[in-house]
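Just below is one structure, and these are the notes that go with it.
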Amino acid sequence: MVKIHERKFVSADPEKCVGCQICEYICSWTKEKGFNPLKSRIRVVRVNQLANMAVTCRRCEDPPCVAACPRDALTQSEETGTILLDMDKCNGCGWCIEACDYGAIMLHPETKVVHVCDLCKDEGEPQCIKWCPEEALTLVTSDVLAQKARISAVKKLFQDAKKKK
Amino acid sequence: MHGYAGKILYVDLNTGKTRVSPLNMDYAKKYIGGIGLGMRLWLDNSKAGVEPLSPDNPLILTIGPISGTIFPTAGNGHAFTAKSPATHAIGEAVAHGTFGSELKRAGYDAIILKGKAEKPSYLWIDDDSVQLLDAAHLTGKSPSETEDTIKNELGDYYIRVAAIGLAGEKLSNIACIINEKTRAAGRTGLGAVMGSKNLKAIAVRGTHDIVPAKPDEFMEMVKEFNERMKGPATQKYRTLGTAENVLVHNALYCMPTRNYNNAHFEDADKVSGEVLNEKFVAKIIGCSSCAMRCEHEVVVPEGPYKGTMTRMEYETLWAMGPYCGINRLDTIIKGMELANYYGMDAISAGVTVGFAMDCYENGILTKKDLDGIEANFGNSEALIQLLEKMGKREGIGDILAEGVRIAGQKIGKGAEKLAQHIKGLEVTGYDLRCLKTAALGFAVSFRGADHNRHGAYAFDVKGKVDRLKAEKGRGKLVRDMENLYALIDSFIVCKFSRGTYYKGLADMAKLYSLVTGIEMTPEELDKSGARINTVARLINIREGLGRKDDTLPWKVMNMPIPDEGPVKGAVVTQAELDLLLDDYYDSRGWTLEGVPTAATLKELGMDSLSKIVKGKQEA
């Protein structure tokens, strides 16, 4: 099994995300050949005009969606961390949706089974990242995220220190 | 069907009954969508002389054929059309955000709202299910609060809502309709039309896929335009934003200041786009499907208005700032937030306060008349107090909420001359005395004083013509721009993206064809642009307007620019205006009275409407 720090997922930088929903449009287009946010595997949340962020599957270690599924319809790929769905087993009960802390696994409006980000495995790269006009989306590992957070925290500390001088 | 949903929803608010009709595809091809389709449908669904605030004035909501796609800026707009209570002419207003794309996914190209609900209500469109719900609990709420409450009670965060505020409920002529908290279909008082129907809000959820007719070529075009959206054509909107205009207009002495008493503001550097961005802009956000993003969100960091958050653009900054002689950005931002809170068009609201201040300084309105407010130019507190009163229609605010034309008439004593409007719609941030191409565009604009019907100011501001000169040829310049702007508002794409259409109408025709599958040429599009402007003209003629109404505000024609500088003494004379109007009517194929001739109507395929102007077409 891959180690957690090698597992990649799509992360949005709230500083850069402007809430334009292009990720939603391109996701539904890539997956379903139609423009429809309800069929997107990434969703934008605008809490208020200043707080915008796209959210999608985090490919958790020991994913609660998989654990919650009473029909064993969900599994996690050992190789990539992708959540895999057996469409024949899923009956759309929604336990996985309830279990996910991020709202990243959703019920498809037509198939009535769940759908979740697979990093556009058929396209070779996540299309939302490719299309995001603000470069707000990146493919990261937990380690990279932690590094980024550390660096920005330290930068901020030193900027504040400068200001106080 | 591609591009168009193919359906029109009729809602009879008297009974709550709804029906769906197929979209007339002849209208779709000829009038595209947005304001073009809206005005054409309004004409069919109204009688001559209809009172704007009566149940018989239909309120029409339209989107365009590109709505709901990923195309940058083109997916997200919507337009309202009705007879305007401010102008008694055709009124229309476009807004962007998220509402338009949701409506397309719900499966409608247009919604025609007739009658009046018996009690405060809101319309809930959930794909095919359409219901009129009780809105008693929403009465008095702001558009933003209304949006949140509706999302909450219907239990879906992604429902989109367009709503009026208290100004609309109280039938103010400057009331607007807002979606996505800060995005207003602002001009011509259509919020009052919605209020007169007891309709507080329209909520929409759409679940259908939108698929263009030629997907591969369409996606190639999207890629190309996403790149263009990041380029020089949109740089202004992505960086300083429209507020950049403050210093540009001020340097050219074309920024109306203190209700047109000046054309230059000595404190412009205190309210500039530069200062706004440095001290107040907290985030720039985007509408649905827009790779440009332009919406400058400002937050007041300190002082009495600390924490106030709103969107800010040049026009509203100008109206509440220089036009009222106010040099404090925190107050201007608070004023903008109040306009959104009460659901008032912030341009008209600011211009109306500037008018009231002028009346006060001239002794036409006293401190007593103004409920104790000393409304000198530059008095920040007076701006806030007057806006509050206008929003609630309390005291003097009751009269001011009618807009400057009616307020001027009611106040009398010469106040009419201080009311700077065209056809009853308040002026915008371009001093027409020294921008004579713009002056023509403003004079003939079918919705009254407005830069967004033609953008003709660009010729003057960019120095492509002698801006102080009225000469032949300006008519065609305005005509062509009017056609383009009518198309932009009918597609609907965003005006801020207009520069990305490098090949102009050829690019737009290609976009239309790829999305709808209907062949379109630039020539045919130009004709549609002409047709949309002509149908507006026909409506206005039917409603009693004519050449006499294609005029300019009193000060523009009677008070030369007093400021020392490059345009001192500039004014538009009646002779100049007449020359410009003659030239414009000629370029449109209209008579000297501004009536489309039989030949013009025939050429545009509008013969069936010639009965409106029968007997009026003699040159």
Among the aspartates and glutamates, which fall within straight-line cross-link reach of B:LYS616, defined as a Cα-Cα distance under 12 Å, with same-chain neighbours fewer than 8 residues apart omitted?
B:GLU593
Two-site FRET efficiency, A:ASP88 against A:GLU110, from Cβ-Cβ distance with R₀ of 25 Å, rounded to 0.05
0.90
Run the reach check for A:LYS39 against aspartates and glutamates, Cα to Cα strictly under 13 Å, same-chain hits fewer than 8 apart removed. What comes back?
A:GLU24, A:GLU110, B:ASP209
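Could you tell me which GluC sites (Glu not before Pro) in the stretch A:14-82 are loop residues by DSSP with no more than 15 other beta carbons within 10 angstrom of their beta carbon?
Working: sites: A:GLU15, A:GLU24, A:GLU32, A:GLU61, A:GLU78, A:GLU79; in loops: A:GLU15, A:GLU61, A:GLU78, A:GLU79.
Passing both the DSSP loop test and the Cβ count: A:GLU15, A:GLU61, A:GLU78, A:GLU79.
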Picking from A:GLY94, A:GLY124, A:GLY81, which is most flexible by a Gaussian network model of chain A using Cα springs under 10 Å?
A:GLY124
Provide the percentage of antiparallel DSSP beta bridges, counting only those with both residues in the stretch B:7-205; round to the nearest 5.
75
Compute the Rg to Rh ratio over the stretch B:301-373 from the alpha carbon atoms, using the Kirkwood formula for Rh, and round to two decimal places.
1.00
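Counting partner chain Cβ atoms within 10 Å of every residue's Cβ in B:139-152, what's the average? Display every interim value, and only then the final one.
Working: counts 0, 0, 0, 0, 0, 2, 0, 0, 0, 0, 0, 0, 0, 0.
So the per-residue partner count for this stretch is 0.
What are the membrane-span-like helices in chain B by this rule: whole DSSP H runs, Cα extent along the axis at least 27 Å, mean Kyte-Doolittle hydropathy at least -1.0?
On the way: long enough: B:522-542 (30 Å, -0.45).
Qualifying helices, which must be both long enough and hydrophobic enough, are B:522-542.
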Using the alpha-carbon atoms, what tilt in degrees (0 to 90, nearest 10) does helix A:142-164 show relative to the longest principal axis of chain A?
30
Calculated P(r) tail over 36 Å for the protein assembly as shown, as whole % of Cα pairs:
44
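If Lys and Arg each add +1 and Asp and Glu each add -1, what is the summed charge of the other residues whose beta carbon sits under 14 Å from the beta carbon of B:ASP431?
Values: positive: B:ARG258, B:ARG433, B:LYS436, B:ARG467, B:LYS555, B:LYS568; negative: B:GLU315, B:ASP460, B:ASP563.
Local charge sum for B:ASP431: +3.
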Here the Cα Rg-to-2.2 N^0.38 Å ratio for the stretch B:242-426 is 1.00
Once both labels are modelled 7 Å past Cα along the beta-carbon direction, what's the A:GLU135-B:LYS417 spacing in nm?
5.9
Principal axes first, then extents: for the Cα atoms of the stretch A:34-128, list largest minus smallest coordinate on each axis, whole Å, largest first.
40, 29, 29
Could you check the simple spin-label distance between B:THR366 and A:ALA67, using points 7 Å along Cα→Cβ, in nm with one decimal?
7.8
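Calculated FRET efficiency, A:GLU98 and B:GLU394, Cβ-Cβ r, R0 41 Å, to nearest 0.05? Numbers along the way, then the final one.
On the way: r = 50 Å, r/R0 = 1.21.
Here the calculated transfer efficiency is 0.25.
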Can you give the alpha-carbon Rg of the stretch B:432-613 over 2.2 N^0.38 Å, where N counts its residues?
1.07
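Multiply the residue separation of B:SER608 and B:VAL20 by 0.36 nm, subtract the distance between their alpha-carbon atoms, and state the gained length in nm to one decimal.
Numbers: separation 588, 0.36 × 588 = 211.68 nm, distance 2.47 nm.
Here the segment from B:SER608 to B:VAL20 would lengthen by 209.2 nm.
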Among the listed pairs A:LYS89/A:LYS130; B:LYS368/B:LYS389; B:LYS423/B:LYS472; B:LYS141/B:LYS200; B:LYS47/B:LYS614, give every one whose C-alpha distance is greater than 21 Å.
A:LYS89/A:LYS130; B:LYS423/B:LYS472
Taking H placed 1.01 Å from N in the peptide plane, check which residues at least 5 places from A:THR82 or on another chain put their amide H under 5 Å from its amide H.
A:SER77
Please provide three numbers in whole Å: the alpha-carbon extents of the stretch B:7-205 along the principal axes, with the largest listed first.
42, 40, 29
Per residue, the convex hull volume that the Cα atoms of chain B enclose (Å³)
133
Any chance you could give the angle, 0 to 90 degrees and rounded to 10, that helix A:22-32 forms with the longest Cα principal axis of chain A?
20
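Between B:GLU302 and A:VAL144, what's the calculated FRET efficiency when r is the beta-carbon distance and R0 is 41 Å? Round to 0.05. The partial results should precede the final answer.
Details: r = 37 Å, r/R0 = 0.90.
Efficiency computed from Cβ-Cβ geometry: 0.65.
Hey, what D do you get for chain A in µm²/s if you plug the Kirkwood alpha-carbon radius into Stokes-Einstein at 37 °C and 0.692 mPa s? Let's see the in-between values first.
On the way: Rh = 17.0 Å.
D = 193 µm²/s.
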Roughly how big is chain B's charge dipole about its Cα centre, with Cβ charges of +1 (Lys, Arg) and -1 (Asp, Glu), in debye to the nearest 20?
800
If the reach is capped at under 16 angstrom between alpha carbons, list the aspartates and glutamates near B:LYS510, excluding any in the same chain fewer than eight residues apart.
B:ASP216, B:GLU217, B:GLU220, B:GLU224, B:GLU519, B:GLU523, B:GLU524, B:ASP526
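Given only helices, namely DSSP H runs of n ≥ 4 each adding -39500 (n - 2.57), what is the per-residue ellipticity at 222 nm of chain B, to the nearest 500 deg cm²/dmol? Let's see the in-between values first.
On the way: 24 runs with 233 residues, N = 619.
Calculated mean residue ellipticity at 222 nm is -11000 deg cm²/dmol.
Values quoted throughout were computed directly from the atomic coordinates according to the rules given, and no laboratory measurement underlies them. The structure presented is a predicted model; accordingly, all values stated were derived computationally and were not measured. Please note: Cβ atoms are built from the backbone with ideal geometry, for glycine as well, and neighbour counts cover all protein chains shown.
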